[in-house]
Ligand SMILES: C[S@@+](CC[C@H](N)C(=O)[O-])C[C@H]1O[C@@H](n2cnc3c(N)ncnc32)[C@H](O)[C@@H]1O
């Protein structure tokens, strides 16, 4: 029998808690390490970045804008020689690594530190491709601005989580606050939100499960640690860690779905 543990954190102002979550990506080494853990524990061995990049028609793409670019995770799988790659992120510590990666694939690389949503001081129709990977739920209000920034034949590529990723965790805890964050732009409602401004030309589901075996407690613990700002919207992360590690030992294996969806939209 499973128990729903309801341990509500002190309510934070909405803006404050979204900023707290964004700041959780500031430890670059940990962010990269978690990327490796996700890759190692994923049942789907096809790289989602490569699946996403494969959906884009690259023929006429010279200029790329990445919103919530982080340290340039998406750009790392790109090759070729673009004219411009511009990344925007809330965290200035991503600048150096983002620029290093972008300079490898573009004649000009730019990093702007900004808290989105915000109007971007660039003429309309400046970009052939706008990317937002695992970040649009922080600033879904940007969808209209993306339309202004995209050229008429431009493409908008987004990768986002499914609300179903909370299913396993919700057997133990109430994650309704976190669900609301994901619901700002999710696999389930992303198409409808994009359609307010764009024609969605394709969406592809990326089915995946994170599988932790009895000896993977260290990885599970670090994964929960990384997600602590998200988790703390609803529950004390230490309580989640303790419960999940005990369940891992009791059951011998824990599986969490991590089904994402990739959208490609055009004006
Ligand atoms: C989950 S990470 C994704 C980073 C990168 N796109 C990737 O896929 O690895 C979310 C990123 O969005 C940024 N972010 C969160 N809220 C933001 C905001 N309001 N404005 C700009 N960037 C934000 C964070 O700093 C973080 O780098």
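No lab work stands behind these numbers, since they all come straight from the coordinates. As the structure is a prediction and not an experimental result, all values here were calculated from the model. Virtual Cβ from ideal backbone geometry, glycine too; neighbours counted across all protein chains shown.
Given R₀ = 22 Å, what would the calculated FRET efficiency be for residue 201 paired with residue 257, taking r from the Cβ atoms and rounding to 0.05?
That pair, residue 201 with residue 257, gives E of 0.25.
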Next on the checklist: Just to confirm the number: angle between the C-alpha axis of helix 14-23 and the first principal axis of the chain, 0 to 90 degrees, nearest 10?
Outcome noted: 80 degrees
Checklist outcome for this item: Dividing the alpha-carbon radius of gyration of the chain by 2.2 N^0.38 Å, where N counts its residues, gives 1.02
Checklist entry - Taking the Cα-to-Cβ direction at residue 45 and at residue 171 and moving 7 Å from each Cα, how far apart do the two end points lie in nm? => result 2.6 nm
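Can you give the helix-only mean residue ellipticity at 222 nm for the chain, where every DSSP H stretch with n ≥ 4 adds -39500 (n - 2.57) and the sum goes over all residues, rounded to the nearest 500 deg cm²/dmol?
Values: 10 runs with 92 residues, N = 267.
That calculation yields -10000 deg cm²/dmol at 222 nm.
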Item to check | Neighbour-count ranking [beta-carbon atoms within 10 angstrom, fewest first] of 245, 149 | outcome: 245, 149
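Please sort 249-261, 129-141, 71-83 by packing, taking for each peptide the average over its residues of neighbouring beta carbons within 10 angstrom, highest first.
Details: 249-261: 15.2, 129-141: 22.5, 71-83: 17.4.
Most protected by this proxy first, the peptides run 129-141, 71-83, 249-261.
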Checklist entry - What is the distance, in nm, between label points placed 7 Å from the Cα along the Cα-to-Cβ direction at residue 236 and at residue 33? => result 2.4 nm
Checklist entry - In degrees from 0 to 90, rounded to the nearest 10, what is the angle of the helix 237-251 Cα long axis to the longest principal axis of the chain? => result 70 degrees
Checklist outcome for this item: So the angle from the long Cα axis of helix 95-105 to the longest Cα principal axis of the chain, reported in degrees to the nearest 10, equals 50 degrees
